[in-house]
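The block underneath contains the structure these notes are about, expressed in structure tokens.
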Amino acid sequence: MTEPVLEPRDVPPRAVHALEQAGVHPLLARLFAARGVREAEELDDGLNRLLPPATLRGSAEAATLLADAIEAGRRICIVADYDCDGATACAVALRGLRMLGAAPDTLCYVVPDRAVHGYGLSPTIVDLALPLRPDLLVTVDNGIASLAGVAHARQLGIDVLVTDHHLPAVEGERVLLPEANVIVNPSQPGCGFESKSLAGVGVMFYVLLALRAELRARGRFDAATQPRLDALLDLVALGTVADVVKLDPNNRRLVAQGLKRIRAGRMQPGLLALFTAAGRDPQRASAFDFGFALGPRVNAAGRLADMTLGIECLLTDDSARARELAQQLDAINRERREVEAGMREQAEHLLVQLAPEGEEQDSPAAVALYDPEFHEGVVGIVAGRLKERLHRPTFVFARGQDGLLKGSGRSIPGFHLRDALDLVSKRAPGLLLKFGGHAMAAGCTLSEADFPRFAQLLVAVAQEQLDAAALQRRLPVDGPLPPQYFDAPTVMALEAQVWGQAFDAPLFCDEVQVVAQRLVGERHLKLRLRVHGVLRDAIWFNHVTPLPDTARLAYRLALETWQGQQRLQMVVQAQG
């Protein structure tokens with residue numbers, strides 16, 4: 001992998017001054033200003049600062065539909081998705097509806113099997129739900145593109161509420177929306193909700209807020225006695241971070257509130273069990289834990305097994321049952337890592353055919369890989385890993401149970417992946433049997449015989465849209481870390497903040513002298529560095545190439561606990 005260009009972030013001095021004057025720590029003021037924060041009010045994570053539900057199109061109509069259903073004792077079936085966002089959204093929906101008065105025996109859920117049913121509310125999933133005798137289907141994290149499934153449900157006399165955050169399907173200039181009773185989706189035309197980046201679980205949480213307001217207006221309770229829906233924010237925070245949506249101010253508030261509850265010990269038993277299974281301390285919970293410890297364990301169920309395991313873990317109030325399910329999810333996640341490692345190794349062999357080792361700069365503008373042995377549940381992860389290594393839009397395909405190839409793609413800045421698929425489909429009508437997604441992540445289905453043609457067309461589109469500058473990986477950095485902040489309180493202050501997609505965790509950059517270096521565990525570089533005249537410990541995970549005597553390194557700070565002692569070290573991310 002070629003080293004990235006380290007690009008110092010722009011730090012507007014006026015914003016730094018304004019934040020410092022408002023009492024923000026000087027280092028944090030610099031970091032926040034570099035991420036677009038201009039005044040301290042933007043850092044207020046109070047619940048009263050959340051965007052109002054009334055501005056989310058369809059939320060009032062959804063509230064009326066659900067309130068009528070609850071009062072009439074109608075059966076409500078949640079149609080979930082097989083990723084962490086979908087699982088948390090399902091748990092939030094069922095827990096929230098119970099809190100707001102729905103009888104438990106009127107609530108149920110179905111979740112597609114990735115390999116058998118595919119994604120979304122298909123006619124097959126409607127039929128799967130029929131034995132549960134639903135009067136109302138509520139989709140979470142899916143449904144906006146489920147035209148056939150919604151139509152099938154309505155023909156059977158079943159009402160449908162779509163809650164989703166994905167982009168709707170487009171035919172020419174026309175946006176195609178399902179004929180649901182109500183649609184709640186910040187990405188639908190005509191929605192003025194300011195946060196277009198709500199995750200699926202965030203959309204469902206907002207629907208519950210609107211439902212509570214509707215029930216309050218109907219006299220079911222008043223402001224003093226109404227159910228506390230903030231009890232669900234631990235789940236909202238997990239799903240939001242795990243789905244890698246943009247952490248705009250509204251999403252940061254949702255995540256911050258969830259983290260506060262977890263650190264205070266107020267969380268669902270399933271989340272506590274997942275923290276334990278992952279060996280993480282909930283009292284020091286961070287967004288990093290959601291993205292790299294809890295989220296992958298929940299996601300593993302949908303990738304290799306049955307997402308029912310993940311949903312049940314989030315739904316149970318029995319601590320022993322939660323621990324049992326979390327241990328099962330942990331075991332599945334270990335299996336997922338083994339499958340992924342094998343696929344990545346095979347992918348590297350396939351890449352040699354595209355560009356010889358050491359010549360990634362000459363590799364195609366986009367990459368599409370397929371092997372008959374690839375596992376459908378892990379293609380997205382492998383695509384993401386390869387995209388990071390190569391800095392190229394990357395698709396990885398596996399053969400589904402129906403014999404068709406199911407591909408998952410990840411992109412780089414400047415290349416809208418869903419729009420690229422749309423262009424491919426226009427240039428080769430009928431090639432893509434199904435496709436959808438976002439700018440940075442998308443999926444598609446095609447026949448095995450058409451894979452070479454797809455790969456060729458994807459590369460052609462990427463060559464047209466990406467110039468040499470876009471194909472050069474760039475890593476934004478926060479400049480040198482002042483020596484007085486090399487300490488544990490700084491690490492703890494940084495860990496207490498909400499970092500994530502589009503609000504990146506701090507990455508400092510310094511010129512260092514390499515005093516000593518050695519390999520540990522055969523694949524990690526352990527370093528002793530001189531930084532600003534002081535010796536520091538550092539490690540570069542999964543890096544074996546020795547460093548020169550002096551180097552410019554990008555790193556983050558971490559506190560490691562070893563034999564009961566805390567130790568500060570630099571975790572190197574890149575050399576520039």
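What follows draws every value from the coordinates through simple rules; no lab data is involved. All of these numbers come straight from a predicted model, not from anything done at the bench. With ideal geometry, Cβ positions are generated from the backbone for all residues, glycine too; neighbour counts draw on all protein chains shown.
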Sequence ranges 487-496, 174-183, ranked by mean other-Cβ count within 10 angstrom, highest first: 174-183, 487-496
How big is the antiparallel share of DSSP beta bridges in the chain, given as a percent to the nearest 5? 65
Over 32 Å between C-alpha atoms is what I'm after, so list which of Lys260/Lys434; Lys260/Lys406; Lys246/Lys426 land there. Lys260/Lys434; Lys260/Lys406
Calc'd 3J(HN,Hα), segment 440-449, phi into Karplus 6.51 cos²θ - 1.76 cosθ + 1.60 (θ = phi - 60°), Hz, glycine/Pro = x, comes to 9, 8, 7, x, 7, 10, 8, 7, 4, 5
Once amide hydrogens are built 1.01 Å from N within the peptide plane, the residues lying 5 or more places from Ala368 or on another chain with amide H under 5 Å from its amide H are Phe395
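Within 10 Å, count the other beta carbons around each residue, average over each peptide in 453-464, 551-562, and list them highest first. Could you put the intermediate results ahead of the total?
Working: 453-464: 18.3, 551-562: 16.4.
By packing density, highest mean first, the sequence is 453-464, 551-562.
Could you order the peptides 242-253, 19-30 from most to least packed, using the average number of other C-beta atoms within 10 Å per residue? Working shown, then result.
Details: 242-253: 21.9, 19-30: 16.6.
Sorting 242-253, 19-30 by mean packing, highest first, produces 242-253, 19-30.
Just want the ordering: Cys84, Cys108, Cys509, from fewest to most Cβ atoms lying within 10 Å of their own Cβ.
Lowest to highest Cβ neighbour count: Cys108, Cys509, Cys84.
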Relative contact order for the chain: what is it in percent, counting Cα pairs under 8 Å that are at least 6 residues apart? 13
Between the alpha-carbon centers of segment 202-258 and segment 376-434, tell me the distance in whole angstrom. 33
Residue by residue, what Karplus-based ³J(HN,Hα) values in Hz, rounded to whole numbers, does segment 571-576 have, using 6.51, -1.76 and 1.60 with θ = phi - 60° and x for Gly and Pro? 10, 6, 10, 6, 10, x
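Using r as the Cβ-Cβ distance of Gln566 and Ala470, and R0 as 35 Å, what FRET efficiency do you calculate, to the nearest 0.05?
Details: r = 42 Å, r/R0 = 1.20.
With R0 = 35 Å, the Cβ-Cβ based efficiency is 0.25.
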Simple label model, 7 Å out from Cα along Cβ direction - Asp371 to Glu61, nm: 4.8
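If neighbour count is taken as other Cβ atoms inside 10 Å, put Met204, Met440, Met99 in order from fewest to most. All intermediate terms of the calculation are to be shown ahead of the outcome.
On the way: Met204 36, Met440 20, Met99 16.
Placing the least packed residue first, the sequence is Met99, Met440, Met204.
Taking 25 Å as R0, compute the FRET efficiency from the Cβ-Cβ separation of Arg523 and Gln401 and round it to 0.05. Provide the component values of the computation, followed by the final result.
Values: r = 36 Å, r/R0 = 1.42.
Efficiency for this residue pair is about 0.10.
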Which semi-axes, in whole Å and largest first, does the equivalent ellipsoid of segment 355-465 have when worked out from the alpha carbon gyration tensor as the square roots of 5 times its eigenvalues? 19, 16, 13
In nm, to one decimal, how far is the modelled label at Arg38 from the one at Gln21, with both set 7 Å along Cα→Cβ? 1.5
Rounded to the nearest angstrom and ordered from largest down, what semi-axes does the equivalent ellipsoid of segment 487-564 get from its C-alpha gyration tensor (root of 5λ)? 23, 15, 14
Ala341 label point, 7 Å along Cα→Cβ, cut-off 17 Å on backbone N: hits in segment 529-558? 541-544
Would you pull out the residues with amide H under 5 Å of Phe503's amide H, same chain only if 5 or more places away, H placed 1.01 Å from N? Leu247
Pop a pseudo-label 7 angstrom from the Cα along the beta-carbon direction at both Gln463 and Thr225 and give the gap in nm to one decimal. 7.1
Bins of 5 Å, starting at 0 and running to the largest distance - Cα pair percent for segment 151-221: 3, 15, 19, 20, 20, 14, 6, 2, 1, 0
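Taking square-rooted eigenvalues a ≥ b ≥ c of the alpha carbon gyration tensor, is segment 47-332 rounded, prolate or oblate, where a/c under 1.5 means rounded and, failing that, a/b exceeding b/c means prolate? Don't skip to the answer; put the middle values down first.
Numbers: a/c = 1.39, a/b = 1.22, b/c = 1.13.
It comes out rounded by the Cα gyration axes.
Please go through segment 316-396 and write out the GluC sites (Glu not before Pro) that DSSP classes as loop and that have at most 14 other C-beta atoms within 10 Å. Walk me through the numbers before you get to the answer.
Working: sites: Glu324, Glu335, Glu338, Glu340, Glu345, Glu348, Glu357, Glu359, Glu360, Glu373, Glu376, Glu388; in loops: Glu357, Glu359, Glu373.
In loop regions of segment 316-396 (DSSP not H, G, I, E or B), the sparsely surrounded GluC sites (Glu not before Pro) are Glu357, Glu359, Glu373.
Per 0.36 nm of contour for each residue apart, how much would the distance between Arg266 and Val11 grow if the chain were fully extended, relative to their Cα-Cα spacing?
Values: separation 255, 0.36 × 255 = 91.80 nm, distance 3.69 nm.
Here the answer is 88.1 nm.
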Could you state the number of Å between the C-alpha centres of segment 536-576 and segment 39-113? 43
